[in-house]
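The values are calculated or read from the model by the stated rules, or taken from the named source; none is laboratory data. Since this is a predicted model, take the numbers as computed values, not measurements. So basically every Cβ, Gly included, is an ideal-geometry build from the backbone, and we count neighbours across all protein chains shown. Surface accessibility is based on the protein's heavy atoms, side chains included, excluding ligands, DNA and RNA. Shrake-Rupley method; radii C 1.70, N 1.55, O 1.52, S 1.80 Å.
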Amino acid sequence: MNAATLPETVESGAAGRRRRGRTAGRSTARLVVTEAKLFVRDPLGSFFAVIFPAALLLVLGSAMPGFDEPSADIGGRKPVEFYLPIILAMAIGTVALVSLLNVLAADREKGVLRRLSTTPVSPVRLLVAQLAVNVAALLVGSALALLGGWLVFGIEARPNVPGLLAAFVLGSASMVALALLLAAFTPTSRAAMGIGSLVYYPMLFAAGVWTPGPMMPEAVRRVADFTPLGAASQALQDTWTGDWPQPLHLAVLVGCTALFGALAAKLFRWS
Amino acid sequence: MTVIEVSNLQKRYGDQVAVRDVSFEVRAGEIFGIVGPNGSGKTTTVECLTGLRRADGGMIRVLGLDPARDRAELRRQVGIQLQESHLPDRLKVWEALDLYSSFYPEPADWRALMAELGLTAKRNTVFAKLSGGQKQRLSVALALVGNPRIAVLDELTTGLDPQARRDTWQLVREVRDRGVTVVLVTHFMDEAERLCDRLAVVRAGEVVAIDTPAELVARADVPGVARPTLEDAVLALTGPTASTPN
Ligand SMILES: Nc1ncnc2c1ncn2[C@@H]1O[C@H](COP(=O)(O)OP(=O)(O)OP(=O)(O)O)[C@@H](O)[C@H]1O
Ligand SMILES: [Mg+2]
């Protein structure tokens, strides 16, 4: 017998497929649990993703006088009301460009992906687990911010729920695609940090974190409309007050997701 | 029975030729060693063998599988310890073993493996806080946790203290006695001599000799040394003054 003979333990047929299916389910569950533990053990990452949005809202609310009182300047609305959707946009940007980008870059730099690629598990599944954990963190962080706005400032909103969900999902997708693209060409986690913040702060600006709502100059807004987080922020603000998102913003979000996603898929390397 | 067959393997990195022409066969149940100077292409060879890199030329069969084509099936059956590999800093020892064992259809008992490698006391220590030797032991454990039919171990005992080295040798022998074929890359001649059934000596990307350690010593022609050791024999084959293979 020589090497050309198939080993007897290679299972074919239904039994082998079933066993492999079970292994795949079990390993995916373990990967998600492991990534969740690693996420929680990274104090900076979990703070920024989960606590920061609510904390920022509360800090701004207690520092800025009149934050939760109707203001004549902005049509009798409370500043906190139009700040909340901006905070949601910021939460999306933070999870994508800080938490997710860092974990992706660190794993590749340390050879974690390379180690994983010696096992039957595809690194794609690690990526999926990391996405799942980061999306969960984003949902918790956003929920905490909404809860804070409601409990502390008594915000009453009549959002356009389907529109708001669409804006949130598309905004997240475009920013995750951007993070994957950045991770594709940042060789080290230090470089990822650097490039991440180079992109992060302008994105926050475009989202209106420093010039919320009507305070954003018209010229800036016209540029911001074409950035993923700017478009997401505008769409979130529109839907928050019950309107439908503007087609331009949805188109920008879909376009960014497709473009960044395709480039990332082309450029991403596992080691 | 041959479980690994490599013929005329070639691999370049850009202009740099890492493997010029490597051929060997590994039989079922043996411990096969690969020795040679730094940069002679040992790691590249085992990486091609396990499908981590795609060879530029030559033929490889591992358990009848082509590593470039049947990656998934190969990885269920081959456990690999990379020369350089890391885990996430905050992952604990037991979590790593538990996680990696979930990747395989019929894993080994990771708790027993953890005990055999002397890691039980460190089960709750995170990867970043392990010593170099403890990381290495974990790496060996992860290579074995899938109950592989072939274990490929690249610089298995580098960084281990003398006792840990001997314990690891014992573990490798036990693994072999369970029927696992072992491919071992090493720079330690005592390790090669005591552990390996046969050795391939490589120099500058070519195999210059394949034989049992005893035969390599017996055949050694080292001027001025009456009773050469395996190290003398290997150095004579790979040193700058060695004649080119033919
Ligand atoms: N990723 C890479 N890119 C470019 N060149 C590489 C790469 N990996 C290895 N090489 C080159 O290929 C040659 C063989 O390297 P390899 O790692 O296979 O040697 P080795 O025998 O394992 O050495 P060592 O004993 O130091 O581990 C070396 O000259 C090295 O510089
Ligand atoms: Mg090497």
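Quick check: net charge around A:Leu170, other residues with Cβ under 15 Å of its Cβ, Lys/Arg +1 and Asp/Glu -1? Please list the in-between numbers first.
On the way: positive: none; negative: A:Asp225, A:Asp238.
Around A:Leu170, the charge tally is -2.
Per residue of the protein assembly as shown, what 222 nm ellipticity follows from adding -39500 (n - 2.57) for every DSSP H run with n ≥ 4, rounded to the nearest 500?
Working: 21 runs with 273 residues, N = 517.
Calculated at 222 nm, the ellipticity per residue is -16500 deg cm²/dmol.
Output the Cα-based Rg and Dmax of the protein assembly as shown in Å, rounding Rg to one decimal and Dmax to a whole number.
Values for the protein assembly as shown (Cα only, Rg and Dmax): 28.7, 102 Å.
Kindly report, to the nearest 10 Å², the accessible surface of A:Asp42 as traced by a 1.4 Å probe over protein heavy atoms only.
60
At a probe of 1.4 Å, how much accessible area disappears from chains A and B on forming the pair, both sides counted, to the nearest 100 Å²? Each step should come with its number before you reach the end.
Working: alone 14210 and 12170 Å², together 22980 Å².
Protein heavy atoms only, the A-B interface buries about 3400 Å².
At 0.692 mPa s and 37 °C, plugging the Kirkwood radius over alpha-carbon pairs of the stretch A:30-267 into Stokes-Einstein gives what diffusion coefficient in µm²/s?
Values: Rh = 18.3 Å.
Estimated via Stokes-Einstein, D reaches 180 µm²/s.
May I ask you to find the residues of the stretch A:37-64 that are shielded by at least 50 Å² of accessible area once the whole protein assembly is considered instead of their isolated chain (probe 1.4 Å)?
Listed by number, the residues meeting the 50 Å² cut-off are A:Leu38, A:Arg41.
Which three lengths, in whole Å and largest first, does the stretch A:153-193 cover when its Cα atoms are put on their principal axes?
Reported extents, whole Å, longest axis first: 45, 24, 6.
For A:Leu181, what accessible surface area do you get with a 1.4 Å probe? Give it in Å², rounded to 10.
20
Can you list residues whose amide H is under 5 Å from B:Val207's amide H, if they're 5+ apart or on another chain and H is modeled 1.01 Å from N?
Residues meeting the criterion, in which the H sits 1.01 Å from N, are B:Asp21, B:Ser23.
If you average the alpha carbon positions of the stretch B:1-58 and of the stretch B:76-133, how far apart do those two centres end up, in angstrom?
26
When we measure straight from the Cα of A:Lys266, which lysines land under 25 angstrom away, once same-chain ones fewer than 8 places off are left out?
Partners within reach: A:Lys110, B:Lys11.
Given a 1.4 Å probe and heavy atoms of the protein chains only, how would you sort A:Arg222, B:Arg27, largest accessible area at the top? It would help to have the intermediate numbers written out before the result.
Numbers: A:Arg222 145, B:Arg27 125 Å².
Descending order: A:Arg222, B:Arg27.
Under a Cβ-Cβ cut-off of 14 Å, what is the net charge of the residues other than A:Gly61 that fall near it, where Lys and Arg count +1 and Asp and Glu count -1? Don't jump to the answer; show the numbers that get you there.
Values: positive: A:Lys78; negative: A:Asp68, A:Glu69, A:Glu81.
Overall, the nearby charge balance is -2.
Could you work out the percent of alpha carbon pairs in the stretch B:1-123 separated by over 26 Å, rounded to a whole number?
Values: 2491 of 7503 pairs.
Summing the P(r) tail past 26 Å for the stretch B:1-123 gives 33 percent.
With both bridge residues required to lie in chain B, what share of the DSSP beta bridges run antiparallel, to the nearest 5%?
Working: 20 of 38 bridges.
In chain B, DSSP labels about 55 percent of beta bridges as antiparallel.
Please work out the FRET efficiency for the pair B:Ala128 and A:Leu44, using the Cβ-Cβ distance as r and a Förster radius of 22 Å; give the result to the nearest 0.05. Working shown, then result.
On the way: r = 15 Å, r/R0 = 0.69.
The computed FRET efficiency comes out at 0.90.
From the phi angles alone, apply the Karplus equation (6.51, -1.76, 1.60; θ = phi - 60°) to the stretch A:203-210 and give each ³J(HN,Hα) in whole Hz, x where the residue is Gly or Pro.
Running phi through 6.51 cos²θ - 1.76 cosθ + 1.60 with θ = phi - 60° gives 5, 4, 4, 5, 6, x, 5, 9 Hz.
Quick one: net charge of A:Thr241's neighbours, Cβ under 9 Å, K/R +1, D/E -1? Don't jump to the answer; show the numbers that get you there.
Values: positive: A:Arg77, A:Arg158; negative: A:Glu81, A:Asp238, A:Asp243.
Every neighbour counted, the sum reads -1.
Through the Karplus equation 6.51 cos²θ - 1.76 cosθ + 1.60, θ set to phi - 60°, convert the phi angles of the stretch B:161-167 into ³J(HN,Hα) values in whole Hz; use x for Gly and Pro.
Karplus values, whole Hz, x for Gly and Pro: 6, x, 5, 5, 4, 5, 4.
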